[in-house]
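Note sheet for the following structure.
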Amino acid sequence: MPPVAVQLHSLLFKFLLRRRLSTLSAPAPAPAAPFGVSSRPADQRPSPPSNPSFSPASPDGVATKDLHPDPLSSLHLRLFLPNPNHHAAAPVPRPLRRNSFPQRDPAPGPDQLSRRASASFHAVGVSPEPEPAPATRDYGGYLPTAGAARSAVRRRLPVIVQFHGGAFVTGAADSAANDAFCRRVARLCDAIVVAVGYRLAPESRYPAAFEDGVAVLRWIAKQANLAACGRTMMGKGTGADSFGAAMVEPWLAAHADPSRCVLLGVSCGANIADYVARKAVEAGKLLDPVKVVAQVLMYPFFMGSAPTRSELKLANSYFYDKSSCLLAWKLFLPEGEFSLDHPAANPLVPGRGPPLKLMPPTLTVVAELDWMKDRAIAYSEELRKVNVDAPVLEYKDAVHEFATLDVLLKTPQAQACAEDIAIWIKKYISLRGHELSY
């Protein structure tokens, strides 16, 4: 059983959520605009502003930037970039020769040479190049150097595409809780996190949020292809700005490795991540160079017409009870198409997409006190039956969104969950492999 403070906050959370759902269920005075909305400021504390620099104001060493890739919709992205020069700044100690005493190295200088050198070539203008440092411009944010953006040997970071929770009707990519969670993931995984602010219901019903997820993968692929074309044309001497340089996102062009892409979904965001993974399998090479190597489903928002044991036992559980979730699904699914066996809700219905054996490795995180856990576990079991790496991590006395809610983010359980996810993800994004597994 969770602490008393969590139980009290759960009561307040459910009251506010039900009031918000009831308000959204009321007939709208005017038809919703196709542009949609990707956040509701009234539902949350003020969003932390983006900080595109590695300054003392960002003690975790993660810079953030907000983007709006589609001018025709409210789709919003927040990028989280860990300091790309963090590991390069640490000097590698020189190994000592066997049977010799350690000697103090002289202070490094611009004309320092190896121990085999017999003369200094400083007079002829030969000097080692300094390690490129993060560049800043007048706007005060990090901007990769021109050489770094075009370099093919630059250290590349994997990309984690994250979808927030909120029952499809609330939440935002730049909310205080989601910002803190994505910073933690970016730091632990040493990866670029792209938090997706998809369009919310009921202004934009299914499949708007799911299509936004696929659109983000296509946008990342487009950015990678534009950057590659720019490097190719620069090598041919046709000029750095000759091929869509103004359209290239500099952080992704300089530091992203889209061939190591991971999808991470929280609550209803897990449903979106699973849908995007299926579409990525269907697209195949059409998404090159983006390759989805794994996905993480954190307490998925799965439902079905046949109730499971956990649904019967925990229907009135903490934070998200079954009645509120049913109302959220009615707001999300198209009018007249409400069904708990809808492909967006039930992962076990036939005909949802490609065969399960083609799905990427899938880590499922569930909470002991979450009424939706049994269907998520059943989906994981179906994946394992076709030899997909699909472990399940279940956390004792945990509630739905125990690792991502603002009031629970600083708990030891939330920190341990993020670390466990990072350990598993590193099996698929590490270029050297990883020795830990589940």
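The values are calculated or read from the model by the stated rules, or taken from the named source; none is laboratory data. Keep in mind that what you see is a predicted model, and the values were worked out from it rather than measured. Quick reminder, even Gly has a Cβ in these numbers, built from the backbone with ideal geometry, and neighbours come from all protein chains shown. Note: accessible area is taken over every heavy atom of the protein model, side chains too, but ligands, DNA and RNA are not part of it. Shrake-Rupley method; radii C 1.70, N 1.55, O 1.52, S 1.80 Å.
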Can you say whether Y395 is crowded, with 17+ Cβ neighbours inside 10 Å and in contact (Cβ under 8 Å) with a residue 60 or more places away in the chain, as far as the supplied structure shows?
no
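Look at N346 and say whether it is surrounded by fewer than 24 Cβ atoms within 10 Å (Cβ to Cβ) and either of a type in the set (F, W, Y) or in contact with a Gly (Cβ under 7 Å, 6 or more places away or on another chain) (or both).
Answer is yes for this residue.
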The condition of being in a loop (DSSP other than H, G, I, E, B) and at pLDDT 95 or above holds, among D374, D389, D397, only for D389
If we ask which residues in region 12-51 are at pLDDT 90 or above and touching a Phe, Trp or Tyr at 6+ places or on another chain (Cβ under 9 Å), their number turns out to be 3
Selection over region 245-289 where residues are open to solvent by less than 10 Å² (accessible area, probe 1.4 Å) and within 24 Å of I423 (Cα to Cα) yields a count of 17
Taking the condition of a type in the set (A, V, I, L, M, F, W, C), open to solvent by 10 Å² or more (accessible area, probe 1.4 Å), under 16 Å from the mean Cα position of the chain (by Cα) and at pLDDT below 95, does A146 pass? no
Picked from region 292-322 (must be out of contact with any Asp or Glu (no Cβ under 6 Å at 6 or more places or on another chain), small (G, A, S) and without any contact (Cβ under 8 Å) to a residue 60 or more places away in the chain), the residue surrounded by the fewest Cβ atoms within 10 Å (Cβ to Cβ) is A306
Restricting attention to region 366-392, the residues that are among the charged types (D, E, K, R) and open to solvent by less than 10 Å² (accessible area, probe 1.4 Å) number exactly 1
Quiz item: Just to be sure, is G61 open to solvent by less than 60 Å² (accessible area, probe 1.4 Å), modelled with pLDDT of 85 or more and farther than 21 Å from R184 by Cβ?
Solution: no
Within region 410-427, the count of residues that are part of a loop (DSSP other than H, G, I, E, B) and within 17 Å of F163 (Cα to Cα) comes to 0
Checked region 162-174 for anything over 23 Å from P84 (Cβ atoms), under 14 Å from the mean Cα position of the chain (by Cα) and part of a loop (DSSP other than H, G, I, E, B); matches are H164, G165, A172
